[in-house]
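The structure appears below as structure tokens.
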Amino acid sequence: MRRPLIAGNWKMNKTPSEAKGFAQELIKALPVKTDVEILICPPYTALSLVADIVKNTPIKLGAQNMYWEAKGAFTGEISGEFLKDIGCEYVILGHSERRQYFGETDETVNKKLHAALTGNLKPIICIGERLSERETNLTFDVIQKQLQGGFMNVGNIENVVVAYEPVWAIGTGKTATPEQAQEVHKYIRNFIVDKYDKNTADKMRILYGGSVTPENIAVLMKQPDIDGALVGGASLKLDSFLQLTKAGS
């Protein structure tokens with residue numbers, strides 16, 4: 001049985017003081033026991049503060065990106081070793097905004113995946129097609145290419161999470177229908193069966209992302225291959241994020 005994962009990607013939002021306050025309020029508001037794994041991914045500048053707050057609580061901490069080298073002359077970059085030392089358990093890799101605005105490719109995502117696994121971080125690999133690609137029936141071609149490139153020469157993927165985020169649904173208010181999302185999630189799981197084995201595929205969590213809200217998460221989570229959500233805007237407000245965690249259980 002795959003445990004649902006609700007992950008909040010704060011992107012470039014919340015100063016350290018704002019992040020600290022949010023984390024404190026979140027802990028107070030959460031039930032003592034939940035069937036859902038809860039993850040928050042603040043900006044780099046808030047990670048250390050939030051790590052101290054969520055330590056020894058059910059809330060997991062993740063980063064939004066990392067570099068593939070452990071250390072060196074790479075101005076402005078952060079390595080997995082740094083993230084692990086702070087207290088991160090997860091790291092998001094290959095988000096469409098990283099690909100669109102910062103030139104990330106399947107090759108660089110693959111390098112980061114290798115580094116994350118070597119550093120005992122749990123990577124969340126983001127994949128998804130643009131609107132033009134969906135409209136021209138290229139969705140599965142794009143997904144296959146991103147999966148093949150991202151998982152190149154990767155052996156043990158026990159701790160890897162995949163997040164399907166159609167680019168046309170991120171921050172637009174548009175959401176893939178449950179049927180559209182399930183179709184791609186099933187394709188991803190079948191890819192893992194073919195590349196690895198059925199047991200590995202059955203254990204892998206595949207998240208949906210793209211304008212996820214308290215109003216649409218329940219119907220998405222009813223799909224057999226959707227194991228949670230990678231949430232942007234709705235994770236920035238306490239009430240809506242709490243509703244998402246409840247709906248995911």
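Loop sites here are GluC sites (Glu not before Pro) outside DSSP states H, G, I, E and B with no more than 12 other Cβ atoms within 10 Å. The longest part of the chain free of them is 1-157.
Dividing the helix sum by the residues of the chain, where each DSSP H run of 4 or more adds -39500 (n - 2.57), gives a mean residue ellipticity at 222 nm of -12500 deg cm²/dmol. Between Asp194 and Lys33, the contour length at 0.36 nm per residue exceeds the Cα-Cα span by 54.3 nm. Can you compute the FRET efficiency between Lys246 and Ser48 using 1/(1 + (r/R0)^6), with r the Cβ-Cβ distance and R0 = 30 Å? Round to the nearest 0.05. My answer for the efficiency is 0.55. In the chain, a dipole from Cβ-located charges (positive for Lys and Arg, negative for Asp and Glu) runs towards its positive end, and of Ile27, Trp68, Ser211 it is Ile27 whose Cα lies farthest in that direction.
Within straight-line reach of Lys145, meaning a Cα separation under 18 Å, sit the following lysines at least 8 residues removed in sequence or on another chain: Lys111, Lys112, Lys186, Lys195.
Using C-alpha pairs under 8 Å with a sequence gap of at least 6, the mean separation divided by the residue count of segment 99-224 gives a relative contact order of 26 percent.
All of the numbers you see were taken from the coordinates with simple rules; none came from a lab. What you see is a predicted model, and the numbers here were worked out from it, not measured in a lab. Don't worry about glycine lacking a Cβ; one is built from the backbone with ideal geometry, like all the others, and counts go over all protein chains shown.
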